[in-house]
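The values are calculated or read from the model by the stated rules, or taken from the named source; none is laboratory data. Note that this is a predicted model, so its numbers are computed, not measured. As a convention, Cβ positions derive from the backbone with ideal geometry for all residues, glycine included, and neighbour counts pool all protein chains shown.
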Amino acid sequence: MFAVRTMAELVPEYRHKLGAASIDHTLSLLFAAGGDSRIWPDAATGRNRYGTRTAPAKDEISFASTTASNVSPQGFTAAGHQLKRLFGVDGAAAIAVDEWFAEIRGRIGRNIGCDGSGIVLAASGTDVELLALGLMLSLSPRPITNILIAPEETGSGVPRAAAGRHFADVTALGHAVSAGEMLVGIDPDRIEVQAVAIRNAAGQARNPDDVDADVMSLAEDALKRDRDVFVHVLDTSKTGLTGVSRQAARYISARAPGRVRVLVDACQFRCSATALARDIADGFLVAVTGSKFLAGPPFAGALAIPPALVEEFATKPAVASGLSDYTALHDWPALLRGGQDQQFGSHFNLGLGLRWTAALEQLEPFAAIDTVVQRRIKQAFANLVRARAEHMDGILIHPDDEGDHIVDRAIFPLTITADDKRFASLAQAQRLHLALRENDIGPVCHIGQAVNLGARTILRVAASAIDINAVSDRLASGDSMEKAMRPIADDLDTVFEKWAAVSQANRGL
């Protein structure tokens, strides 16, 4: 059977080519495979649409984990080792493909309190949305109201995916589709999408109680219309906000057991493993990615399904056939493959598996760090960013952005101002963001992409698991917090010095 075969058996002519000299090149190519056009590298620059590379860039500085990161050297090495295992080269014992993907699902599950049999891999957070919707449609006999939270602060393709539509013109498995069209097998009359904002028109964060009330009202209305409900909890938005509250989600779910399902969007992966384990225990589905806070290469997504729902899904019909454009057989645990009826666009997505192995190199040590220590490090990071930003021309720490979430989520939003002290436009902020990524003035510096908040536009400086893990190691070796944070402080100095230089160079543009 295919399921017990190794890559060396499947592609025997390639095994002899995978010597030590070619592993790095092959790995770099595979990191950009099994994802849509957003991660395809530009032929001239070697960078994808996010500006990141598929190989370690040791001379580049990155505080861009809210958007995407270059792969870490540790992650690249770990993925290289896994590639050798798959092909059985350089003395590594070959591992069967199905066993290898089961290992990845198991490692993800162990770190978020979910058994590996409940983990489904997906190329991106938007792909996860499609898969979760497909499972809900398979589970529910009624039409579904899909309640999104602040889709403008999650991903541009999420509203389309939430409606069962193709969100781009090519899928992660390379199938050409028409963006905006319904997936085959999904009836548009069965889905309505409702969105709830977490900010007002001026860009200010709404009262969390008002967000909860809006979601509860929409859910109650849908239930009265004999619709089932799919509620999203946005654990961390692009700017660090949260909504709807988990307490409200539990309340809504308890009001109509079996008719209200909850998906926690933890794609930024900035909450604790304990919180995610509680979500799983509460019966919530959880969406995560390894390519934001965990700083793995983009794309690496996963959907965690609670044990009770795994058993329920296993008895239901196959998901919509149109999902075969997006998902491969070994993305799924055996219990959820739908028997002979389920269609898959491929047997496996090798690039996706390798990207997750790189991300797991940061997740596993991060999950072992005491949460009190994590918060101390995040507080120190926020202090360093604030000290450099608060007196710098062209940057405003806006009072509307202040709050505990800056430390909790390690995302520092900085409002960009123009020469006349007015808020900079989105285009101006985007030019600054790109200028930081050029190497004309100092090293390449990555920060989070521009986000519009009403009349303001922000850029984001964020810590990643790489930063937290490195500082934790130095603290464990006996360094003071100041000394342990010194490498990050030096990198922030370089970023803000370059920021000032490129702002001066682009003044008036």
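Checking the stated criteria, VAL495 turns out not to satisfy the condition of being under 30 Å from ALA197 (Cα atoms), of a type in the set (Val, Ile, Thr) and not in a strand (DSSP E or B). Each residue in segment 172-184 was checked for being at pLDDT 95 or above and either assigned to a loop (DSSP other than H, G, I, E, B) or crowded, with 19+ Cβ neighbours inside 10 Å (or both), and 7 of them qualify. With respect to the conditions (1) surrounded by 24 or more Cβ atoms within 10 Å (Cβ to Cβ); (2) out of contact with any Lys or Arg (no Cβ under 6 Å at 6 or more places or on another chain), THR274 falls short on a single one, namely (1).
Of all the listed residues (ASP408, ASP473), the sole one being modelled with pLDDT of 95 or more, among the acidic types (Asp, Glu) and in contact with a Lys or Arg (Cβ under 9 Å, 6 or more places away or on another chain) is ASP408. Scanning segment 315-356 for residues that are among the hydroxyl-bearing types (Ser, Thr, Tyr) and crowded, with 24+ Cβ neighbours inside 10 Å returns TYR326, THR327. Sub-7 Å Cβ pairs linking a first residue in segment 382-410 that is free of Cβ contacts under 8 Å to residues at least 40 places away in the same chain to a second residue that is surrounded by fewer than 13 Cβ atoms within 10 Å (Cβ to Cβ) and not hydroxyl-bearing (Ser, Thr, Tyr), at least 6 apart or interchain, are ILE397/GLU390, ordered by first then second residue. The one condition from (1) at pLDDT 95 or above; (2) polar (S, T, N, Q); (3) buried (at least 17 other Cβ atoms within 10 Å of the Cβ) that SER217 does not meet is (3).
Of (1) in contact (Cβ under 8 Å) with a residue 40 or more places away in the chain; (2) under 14 Å from MET392 (Cβ atoms); (3) exposed (fewer than 14 other Cβ atoms within 10 Å of the Cβ), VAL495 satisfies all except one. Which? For VAL495, the exception is condition (3).
Checking segment 416-428 against the condition returns a match, with at least one residue being among the aliphatic types (A, V, I, L, M), within 17 Å of PHE63 (Cβ to Cβ) and in contact with a strand residue (DSSP E or B) (Cβ under 6 Å, 6 or more places away or on another chain). Checked against the criterion of being assigned to a strand (DSSP E or B) and closer than 24 Å to TRP499 by Cβ, the candidates SER69, SER62 yield just one match: SER62. What residue, of ASP209, ASP226, is of a type in the set (Asp, Glu), within 24 Å of GLU402 (Cβ to Cβ), in the same structural domain as GLU153 (by TED's automatic domain parsing) and modelled with pLDDT of 95 or more? One residue alone meets the criteria, ASP209.
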